[in-house]
Amino acid sequence: MGEVAVAELLYGMPLLRSMTPGGGDGGPEPGGCSALLVELKQLWGEIGKSREERERMVRELEAECMRVYRRKVDEATGERAMLHQSLAAGEAEIAALTAALGADNSPQLKVNKWTMSLTERVSSATSLLEELRAMKAERSKQFADIRSEIEKITAEIAGRSYGYEASPRASEVEEHDLTIRRMNEYKTRLTSLQKEKSDRLHKVLEHVTEVHSLCDVLGEDFIAIVNEVDPGLHETTDPGKPTSISDATLSSLAQVVAMLTSEKAKRAAMLREAVVPLVDLWELMDSPEEERRGFRKVTAVLSPDKEEALSSGVLSVATIKKTEEEVERLTRLKAGRMKELVLKRRLELENICRSMHIEPDASTVPEKSIALIDSGLVNPSELMASIDRQIAKAKEEYQSRREIMDKISKWLLACEEEKWLEEYNLDENRFNTGRIARLNLKRAEKARIIITKIPAIVDNLMSRTLAWESERKKPFLYDGARLVAVLEEHKQARLRQEEERRRLREQKKLRTLLSEKEAMPHLKRPGSSFGRTAEPCNVNRKRVDAVRFTPSAAASVRSGASSSGGSSAGAASVGHGAELLRGARRLSAPASYNYVAVHKGSGSMSSSLSLS
């Protein structure tokens with residue numbers, strides 16, 4: 001093999017690469033491998049190297065070149081292996097981080113191994129890995145914050161200090177599961193714990209507020225009672241310490257509330273036992289407002305709707321003791337004023353009976369009561385209790401008689417209006433002009449309407465009274481007379497009065513016809529100047545002829561003046577029935593009539609009839 005052939009065989013590629021950049025055969029590049037081989041050949045020729053030596057040296061050069069190439073290949077292979085290893089480790093860590101963070105919410109590695117070199121792939125994986133590590137650090141911090149809050153609330157609920165740490169296994173599990181789903185579970189748990197904490201805080205505050213309210217009413221030391229449960233419940237002890245919400249605290253507060261509530265009920269019963277006689281003594285002795293004002297707040301225990309809003313210290317031991325002492329004082333004072341109190345209660349009974357128009361019980365008249373008290377035959381308290389029972393019975397009967405009493409008042413008012421109307425009709429100046437006359441005229445119109453309702457009022461009153469008597473099994477008395485009898489008498493009197501008025505109207509009609517008949521012969525004939533005025537008399541004459549004018553009828557007419565006495569008797573009977581009710585007016589006698597005589601000498605009739 002020639003030297004050039006050997007050099008080309010050994011350094012074919014390098015020789016070609018050592019050529020000029022154009023890659024042609026324009027000659028060896030100075031300083032390149034070919035130039036060095038040419039120079040080495042010349043030197044060997046000048047030196048006189050044999051062929052064997054030259055071949056040996058070429059083989060040494062070839063071996064030397066092989067060692068250099070092998071070293072470079074080994075280095076390149078090692079670098080490629082390192083890149084593969086780094087890429088594999090990066091991809092494995094990326095996969096682990098992606099699994100921990102969640103594939104749906106993590107960026108993915110996007111590489112094309114056919115178009116990208118290992119270095120580019122490693123660089124892309126490194127960038128993605130740094131991004132995922134940052135996401136994991138942030139996610140881990142979020143998990144740590146949520147877990148810390150959960151552990152804090154759990155410690156508060158459990159009643160232990162917040163130094164509790166989670167187990168390493170739990171932390172390791174959480175490091176490998178940082179997905180959004182897991183975070184949502186933690187957030188849900190945290191929300192549930194926060195709600196439970198809020199509910200517990202609300203319950204604690206409710207209990208503390210109730211304890212404060214009860215202590216205020218009972219006059220107890222709120223701070224001392226709360227400190228026995230938990231000193232942290234009072235804000236002045238340690239403002240920075242959180243409020244205890246443990247089960248033990250809630251249970252203790254509930255027990256304290258139950259204990260104070262029971263004590264409140266017990267003291268309220270004790271105070272009520274003292275207040276009831278206190279109020280009775282006030283009413284009995286008519287105590288002035290100055291004496292009552294100091295104990296006015298304790299009377300709230302008598303009202304169930306006000307018992308929940310009692311003022312401060314009402315149920316304290318001192319207040320209850322003070323109230324009991326006041327009751328004892330008034331009890332001692334009552335013994336010396338019983339006579340005055342008995343007379344006062346008797347007067348109250350008489351007033352109630354007077355309003356009902358009935359007589360009070362005669363067993364407790366003032367003279368008899370005072371005599372019994374002075375003689376010592378009866379206990380003043382028992383006499384007072386007897387009068388109180390009579391008052392209660394009178395009040396009960398007053399309620400049952402109220403409707404009938406209202407109807408009686410209405411009836412008496414109608415009778416008064418009827419009496420006034422009769423007096424008004426007798427007034428000759430009632431038709432005068434003037435404001436008073438107009439007012440009286442309007443009142444007369446209203447009175448006539450009211451008078452027409454009297455029969456219905458009486459019937460309604462009588463039916464209601466009979467129903468009352470049937471229900472009570474006793475007569476309804478009014479000023480000592482039975483109301484039903486008075487109403488019956490009133491109805492009979494009104495019937496007699498109406499009959500008398502009807503008879504007087506008939507007599508008036510007959511007198512009018514008689515007067516017209518007596519005046520007919522004095523009228524002139526139709527041909528005179530007064531002929532037209534006499535025509536109505538012809539008509540009247542026909543009416544007179546149609547009437548059977550008998551002597552008995554004339555006698556009845558002539559007895560008109562004497563019949564007015566019978567009308568007055570009927571009115572007196574009605575007035576007697578109303579007089580039993582102290583205010584019912586007496587029905588007046590029928591209206592009197594004034595007649596003007598017929599003047600015979602005038603040649604005409606100028607008779608006139610006026611009704612007063």
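Annotations for the structure displayed:
- A full extension of the chain between Leu333 and Asp388 corresponds to an added length of 17.8 nm, given 0.36 nm per residue minus the alpha carbon distance.
- Which listed pairs, of Lys266/Lys297; Lys393/Lys474; Lys453/Lys509, have C-alpha distances above 20 Å, in listed order: Lys453/Lys509
- For segment 302-392: rounded, prolate or oblate by the Cα gyration tensor [a/c cutoff 1.5]: oblate
- Overall shape: prolate for segment 36-136, with the ratio a/c of the largest to smallest alpha carbon gyration tensor axis at 1.5 or above and a/b above b/c.
- With all protein chains modelled, accessible area of Cys33 [1.4 Å, Å²]: 60 Å²
- Ordering Lys334, Lys368, Lys473 by accessible surface, largest first, gives Lys473, Lys368, Lys334; the 1.4 Å probe counts only protein heavy atoms, with every chain in place.
- Förster radius 45 Å - calculated FRET efficiency between Arg293 and Lys474 (Cβ-Cβ, nearest 0.05): 0.50
- Residue-level accessible surface for Thr191, protein heavy atoms, 1.4 Å, Å²: 90 Å²
- Accessible surface of Ile404 - all protein chains present, 1.4 Å probe, nearest 10 Å²: 0 Å²
- Three-way shape call for segment 339-516 based on the alpha-carbon gyration tensor, with the a/c threshold at 1.5: prolate
- For segment 339-516, the fraction of 1.4 Å probe accessible surface lying on carbon and sulfur atoms is 55 percent.
- Ranked by solvent-accessible area (1.4 Å probe, protein heavy atoms only, all chains present), the residues Leu495, Leu466, Leu214 order from largest to smallest as Leu495, Leu466, Leu214.
- Cα-projected label distance for Ala444 with Lys72, points at 7 Å along beta-carbon direction, nm: 15.2 nm
- Heavy-atom accessible surface of segment 339-516, averaged per residue, reaches 59 Å², computed with a 1.4 Å probe.
The values are calculated or read from the model by the stated rules, or taken from the named source; none is laboratory data. These numbers were taken from a predicted model, which means no experiment stands behind them. Glycine gets a Cβ as well: all are built from the backbone with ideal geometry, and neighbour counts include every protein chain shown. Surface areas here come from the heavy atoms of the whole protein model, side chains and all, with no ligands, DNA or RNA. Shrake-Rupley method; radii C 1.70, N 1.55, O 1.52, S 1.80 Å.
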